[in-house]
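The values are calculated or read from the model by the stated rules, or taken from the named source; none is laboratory data. Because the structure is predicted, anything quoted here is derived from the model rather than measured. Reconstructed Cβ throughout: ideal geometry from the backbone, glycine too, with neighbour counts over all protein chains shown. These accessible areas exclude ligands, DNA and RNA; they are computed on the full protein's heavy atoms, side chains included. Shrake-Rupley method; radii C 1.70, N 1.55, O 1.52, S 1.80 Å.
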Amino acid sequence: MRINEFLLERIQSLNENLVDINLSDSGVHPYELRDLLSAREIEEMCATELGYGWTNGSEPLRDAIAALYPGRDRNQVIATNGSAEANFVMVMALLQPGDELIVVVPNYLQILGWAQAAGVVTRLVPLRQENQWIPDLAEIERAITPRTRMITLCNPNNPTGALLETQAMESLVQLARKHGLYLHADEIYKGSQLQGTEGPSFADLYEKALVTNGLSKAMAMPGLRMGWLVGPKDEIARVWHCKDYTSITTGSLSEFIACRVLEPARRAKVLTRSKHILRDNLAIITAWIERHSPLLSFIPPRAGGMAFIRYRMPINSTELVRRLVQEKSIFPVPGDAFGLDHYLRIGIGSPASHLNEGLRRLDEFFAENGFGS
Ligand SMILES: Cc1ncc(COP(=O)(O)O)c(C=O)c1O
C-alpha cells in the first residue's frame, strides 16, 4: 500500500522543534501534570499498575466519555491513542476499496490520506472564505453518488476555526440521513468556542454519526495521546476489531488522568483556561492583522487554536515559511499544507508573550522585504 506524504505533519515534524518561535501548534498550550491533579491524585497515580488494561478503553474511561454525549453508553465508545488513531481505525473499519467518501476541505487531511491509500474514492467539497468557511450543502449533495458511504468534515474546523451553528449541523444530518450515509465529524476542537456556550456534537444529532475527539487540542493535553471515537454500537465493534491490530490499548497512566479530567467540573475548568488563552490571543492577532490590512485578512476563528490568514504577497506559502524559518526562526504553517496557497495558519493557543514575539519577527520580515501595508 502506498500513502501520500502527510504534508502538514511532515513539515511540522521537520521544523517545530528547531525554531525559536513555533507558531504551528493548533491546540492550547499544554498543561503540566501538577496543575491538573492534586497531590493525592498524583500519589494514587503512582500506585497505578502499568498493565495493558482494556483494549477498547477501561469501563470507567468509556463511561466518562459516553457521559459527554447524552443517550450514548460505553458500547458506543472506543478509546484510542490520540484522535489520529481514531480517524485511522475508523477509515480501515468502515470504508472499502471502491466506496466513495466526501471530504469537506480544508481540514486536517489525515482521513483523506488514509482513505486514498485504502482505495477509497474521495470527492473533495471545498469550503470558501467568502462563505465564512461554512459548507455549501447543495455542493455536498451534488457530490453524492450511489457509491457514497460517508461524508467527513472537521468541526470546529482546522485550519479555519469556523464553527457550524446547530441548525447547519441539523441540515447536514438531514442530508446524510436522506441518503443513508455515515457522517463523520472530527470534533477535536469542540469546547473551545470563543463566544457562547458549547453546542451539540454530531453524535447527539444523528444515529449514524461517527465522532472523533480527544484530549489533545481544546483540552490541552496532547502528550497523553488520548483520543476516542463515538458511534453506533456495531460500527464501534468493527473499529475495535481493527484496533486489535494497531496499538492494542491506550496507556494506563493516560487513562488514569483522562478519567479525572473528564469529570464535568474539571473538564469545564480546563476549557475555561483554554478559552481565556484563545480569547486574549485572538485580540492580539486581530489587532495585528488590522494593522497589516489589506496585506493580511482573515475570518476571525469562532473556535479552535488557530487563525487562518490570507496574505497578498507575491510569494508561495511554502517558500514564505521556508524563509521565515531560516531568516527569523519562526514557523507558521503554510497554506499549501491544506491545499490553499497564500494563507498562513498561526497558532493562538500559546502564551501571549510567545505569540507577540512571533508577530514581531513577522513584522520585521515584512519590513525588510518591502511587504509594507
Ligand atoms: C482535526 C484534527 N484531528 C486529529 C488530530 C490529531 O490529534 P491527536 O494528537 O489527538 O492524535 C489533529 C492534530 O492536529 C487535528 O487537528
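Taking the stated definitions as given, is Leu172 more than 16 Å from the ligand (Cβ to nearest atom) and of a type in the set (A, V, I, L, M, F, W, C)?
Yes; evaluated as a whole, the condition is true for this residue.
Which pairs do you get when a residue that is among the acidic types (Asp, Glu), found in region 205-220, comes within reach of a residue that is part of a loop (DSSP other than H, G, I, E, B) and more than 10 Å from the ligand (Cβ to nearest atom), reach meaning Cβ atoms under 9 angstrom, with the pair 6+ apart or on two chains?
Listed pairs, sorted by first residue: Glu207/Pro232.
Please tell me if Glu198 is part of a helix (DSSP H, G or I) and in contact (Cβ under 8 Å) with a residue 60 or more places away in the chain.
It is false that Glu198 is part of a helix (DSSP H, G or I) and in contact (Cβ under 8 Å) with a residue 60 or more places away in the chain.
Looking only at region 225-248, which residues are in contact with a Lys or Arg (Cβ under 7 Å, 6 or more places away or on another chain) and within 30 Å of Tyr31 (Cα to Cα)?
Val230
Any chance region 112-120 includes a residue that's crowded, with 19+ Cβ neighbours inside 10 Å and either in contact (Cβ under 8 Å) with a residue 60 or more places away in the chain or more than 24 Å from Tyr245 (Cα to Cα) (or both)?
Yes, some residue in region 112-120 is crowded, with 19+ Cβ neighbours inside 10 Å and either in contact (Cβ under 8 Å) with a residue 60 or more places away in the chain or more than 24 Å from Tyr245 (Cα to Cα) (or both).
Among the residues of region 178-206, which ones are open to solvent by 20 Å² or more (accessible area, probe 1.4 Å) and more than 14 Å from the ligand (Cβ to nearest atom)?
Lys178, His179, Gly180, Gln195, Gly196, Thr197, Glu198, Gly199, Pro200, Asp204, Leu205, listed by residue number.
Yes or no: region 230-238 includes at least one residue that is within 14 Å of the ligand (Cβ to nearest atom) and out of contact with any Gly (no Cβ under 9 Å at 6 or more places or on another chain).
No, the conditions are met nowhere in region 230-238.
Working only within region 330-360, note down all residues that are more than 11 Å from Phe308 (Cα to Cα), assigned to a loop (DSSP other than H, G, I, E, B) and either open to solvent by 10 Å² or more (accessible area, probe 1.4 Å) or of a type in the set (Ser, Thr, Tyr) (or both).
Gly339, Asp341, Ser350, Pro351, listed by residue number.
Which numbered condition in (1) touching a residue at least 60 places away in the same chain (Cβ under 8 Å); (2) surrounded by fewer than 22 Cβ atoms within 10 Å (Cβ to Cβ); (3) at positive phi is the only one that Gly161 fails?
Gly161 satisfies every listed condition except (2).
Taking the conditions exactly as written (surrounded by 15 or more Cβ atoms within 10 Å (Cβ to Cβ) and in a loop (DSSP other than H, G, I, E, B)), does Ser293 satisfy them or not?
no
Please state which one of Gly304, Gly251, Gly223 is closer than 30 Å to Gly53 by Cβ, open to solvent by less than 50 Å² (accessible area, probe 1.4 Å) and within 16 Å of the ligand (Cβ to nearest atom).
Gly251
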